[in-house]
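Remarks on the structure that follows.
Please treat every number below as a calculation from the coordinates, not as lab data. Owing to the predicted nature of the structure, the values given are computational and were not obtained by experimental measurement. Positions of Cβ are backbone-derived with ideal geometry, glycine not excepted, and every protein chain shown enters the neighbour counts.
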Amino acid sequence: VPQFVQNPWQKATSEMNTAEDWGLILDLCDKIGQSRSGPKECLRSIMRRVNHKDPHVAMQALTLLGACVSNCGKIFHLEVCSREFASEVSNVLNKGHPKVCEKLKALMVEWAEDFRNDPQLSLISAMIKNLREQGVTFPAVGSQAAEKAKASPALVAKDPSTLTNKKEEEDLAKAIELSLKEQRSQPGSGLSGSGLYPSASFLSSQRPEGRKVRAIYDFEAAEDNELTFKSGEIITILDDSDPNWWKGETYQGVGLFPSNFVTADLTAEPEMMKTEKKTVQFSEEVQVESIEPEPEPVYIDEEKMDQLLHMIQSADPTDNQSDACELLQLEGETNLLILTHSELSELNVKLMEALSLYAKLMNEDYAMYTKLQTQQYYMHQSANAAQQVGHSSLSLSCPLSFFLKIRPTNAR
């Protein structure tokens with residue numbers, strides 16, 4: 001697979017960046033809400049970069065994370081207030097660079113303050129409270145330490161011979177500011193006069209519009225430079241010079257994918273939908289044996305439970321659209337779990353009744369056995385006493401008969 005493609009998350013947080021690409025960052029924020037899985041995939045991609053061994057990359061990833069929280073709305077806030085993100089935060093605070101940890105804690109304090117009136121987003125506050133109990137220190141809201149941590153520069157010099165003192169840093173900042181002023185003064189430069197960042201309309205107008213194709217199969221990226229998509233998604237082709245691997249773009253980013261997984265016919269149905277619509281005719285003369293698949297083991301999955309609760313809470317009762325397949329699947333799995341729990345509870349009651357009956361029978365048998373042993377003991381004692389009485393009578397009669405049979409010696 002060619003290795004020349006870099007996904008947008010890597011590009012926005014590249015270790016080679018000398019300035020933050022706010023155009024790309026805002027573009028990523030706009031694409032997050034285009035699908036149900038967009039916020040989750042976005043957060044996972046960002047946290048992979050936050051865990052990068054290079055602090056330069058991690059600091060840029062936290063800047064991107066803060067921008068997403070500020071611009072992507074509640075769909076992204078719910079992902080930030082998830083158990084998966086809490087686990088990632090603990091990992092970063094335990095293993096991350098000190099500057100990275102300070103910036104992450106400052107962002108969390110700011111989010112907790114912003115989310116304080118929404119009970120669905122209370123996990124951030126609970127996470128901070130739990131970490132404080134474990135000895136982790138957090139800056140106060142709006143304190144100088146928090147502002148300093150959030151404003152800590154993400155972009156540092158790679159060459160130790162450059163930017164060696166504060167004066168050189170100030171000179172560089174002045175040069176950048178002067179360059180931006182010159183660009184603003186030029187017509188058609190693409191920079192608005194009211195702000196530092198280029199407008200979204202300028203960014204969209206500069207991007208060439210490629211042809212679009214439709215995915216007919218699911219594709220899961222195996223490498224960082226590949227593009228993940230689901231069947232039915234629309235992909236914009238950026239490069240099709242390679243007959244086997246094309247370069248395309250979706251809401252998840254830019255990457256490579258197999259060309260035979262898509263079609264130029266935008267009205268074509270994905271293969272999964274075609275399979276569901278197929279019908280099979282059977283002959284009445286042929287005997288068909290149905291084989292039922294073995295049921296999958298049911299186990300408690302906290303992630304699925306949280307996902308189902310999130311989907312139910314975010315569902316719109318006024319929407320006339322049918323429920324998503326994923327929601328129906330999670331609902332079926334939850335109902336199966338409830339049924340299994342009821343069966344296990346019933347079996348537990350029966351088992352306890354059987355154990356109680358067993359203990360009762362064992363106690364009755366023991367009482368009967370003790371009574372029988374007592375009777376046998378008294379019978380044995382009575383027999384021994386009778387036998388001893390018989391021996392005593394015999395010993396008393398023997399001397400009399402003996403003397404009766406002996407004649408006196410003086411009878412002659």
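Things worth noting here:
- Relative exposure of Tyr217, Tyr377, judged by other C-beta atoms within 10 Å (fewest first): Tyr377, Tyr217
- For Phe261, Phe85, order by how many other beta-carbon atoms lie within 10 Å, fewest first: Phe261, Phe85
- The stretch between Leu327 and Met362, if pulled fully straight at 0.36 nm per residue, gains 7.4 nm over its current Cα-Cα span.
- Span from the the range 31-77 Cα centroid across to the the range 337-375 one, whole angstrom: 58
- Virtual spin-label span in nm between Ser37 and Tyr378, 7 Å along Cα→Cβ: 8.3
- For the range 8-157: rounded, prolate or oblate by the Cα gyration tensor [a/c cutoff 1.5]: oblate
- Selection from Val80, Thr13, Gln34, by position along the positive dipole direction of the range 8-157 (Cβ): Val80
- Which of His380, His56, His310 has the fewest Cβ neighbours within 10 Å, and the rest in rising order: His380, His310, His56
- Mean Cβ count within 10 Å, highest first, over the residues of peptides 58-68, 244-254, 109-119, 334-344: 58-68, 244-254, 109-119, 334-344
- Charge tally around Phe219: other residues with Cβ under 11 Å, Lys/Arg +1 each, Asp/Glu -1 each, net -3.
- Taking the charge dipole of the range 321-370 about its Cα centre, with +1 at Lys and Arg Cβ atoms and -1 at Asp and Glu Cβ atoms, the residue from Leu344, Ser356, Tyr366 reaching farthest to the positive side is Tyr366.
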